[in-house]
1. So how do 188-195, 51-58 stack up, highest first, on mean other-Cβ count within 10 Å?
2. Near residue 93, which lysines are there with a Cα under 30 Å away, not counting those fewer than 8 places off in the same chain?
3. Report the one residue of 165, 176, 62 whose Cα lies farthest in the direction of the positive end of the charge dipole of segment 5-214 (charges on C-beta: Lys and Arg +1, Asp and Glu -1; origin at the Cα centre).
4. Given the rule -39500 (n - 2.57) for each run of at least 4 DSSP H residues, summed and divided by the residues of the chain, what is its mean residue ellipticity at 222 nm, to the nearest 500 deg cm²/dmol?
5. Please report, in debye to the nearest 20, how large the charge dipole of segment 5-214 is about its Cα centre when each Lys and Arg carries +1 at its beta carbon and each Asp and Glu carries -1 there.
6. How big is the dipole moment of segment 98-210 about its Cα centre under a simple scheme where the beta carbon of each Lys and Arg is +1, that of each Asp and Glu is -1, and everything else is neutral? Debye, nearest 20, please.
7. In whole percent, what relative contact order does the chain give with Cα contacts below 8 Å and a gap of six or more residues?
8. At 7 Å along the Cα-to-beta-carbon direction for both residue 3 and residue 28, put a label point, then send me their distance in nm to one decimal.
Amino acid sequence: MSERMSDILNVEMVPFLLDRGRTWMGINQREDFKKIYAQLLIETYHYVKHSCLLMDLAQSLMTEERFLPLRDYLRGHIGEEQGHDLWLLQDLKHLGRSADEVRDTFPCDPVVSMVGGQYFLIREISAASIMGYIYVLEAQPPNSEHLRQLAARYSIPLEAMSTLLEHSDIDVSHAHALKETLDSAPFSDRERAILVRSATSTASQLCGLFRTVAAQPVSPA
């Protein structure tokens, strides 16, 4: 029996999770964490607003009958993810950043590469690549207790963490459904390899996003 797709991805993600974890720990020790957190939310907004567009594009290109369960999964997940970019704008409002101001910002290079690369992979390589992208963004939900501790330490209103706190709950069930879908989908060997490449590329760019934000000079909180 072939190794489960979710197990393959779990192994592939280890070095990226360690990298991102080290960067995150450095960020949340900074005295200007509140400012850095706002910047992370802005970058997250720039890729989250493409989530449903990417999934819709991928499902529209999955024309083979064997992909019907995947199409159903993606259509359902689009409904679950709809409007999450607006959640982030609301969180940022509680940090003093207006929606117009956020929309006018330019995403960092890793976000441009992460989103743009996924459009390329879906259109030019295989629509199945979207599953690797989703896996990276949803398979490891944030820890709600850790978020609440940071909010208390840096005087961040919990309303400004509503998106992450919500995902700390809903992404647990989303991760379970995602892994079941990945493990039951009839991917070819080539598609499995593409899915891994999509996931590692996404994870690499996500680590780059964190490093880019962490590289900002320390400023008064």
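1. 51-58, 188-195
2. Counting by Cα, and skipping residues close in sequence, residue 93 has these lysines nearby: 34, 35, 49.
3. Positive-most Cα among the choices belongs to 165.
4. -23500 deg cm²/dmol
5. Numbers: 20 positive and 29 negative charges, 104 e Å.
That gives a dipole near 500 debye.
6. The calculation lands at about 320 debye.
7. Numbers: 230 pairs, mean separation 79.3, N = 221.
Relative contact order of the chain: 36 percent.
8. 3.0
A short reminder: the numbers here are calculations on the coordinates, not readings from a lab. Nothing here was measured: the structure is a model prediction, and the numbers come from that model. Reconstructed Cβ throughout: ideal geometry from the backbone, glycine too, with neighbour counts over all protein chains shown.
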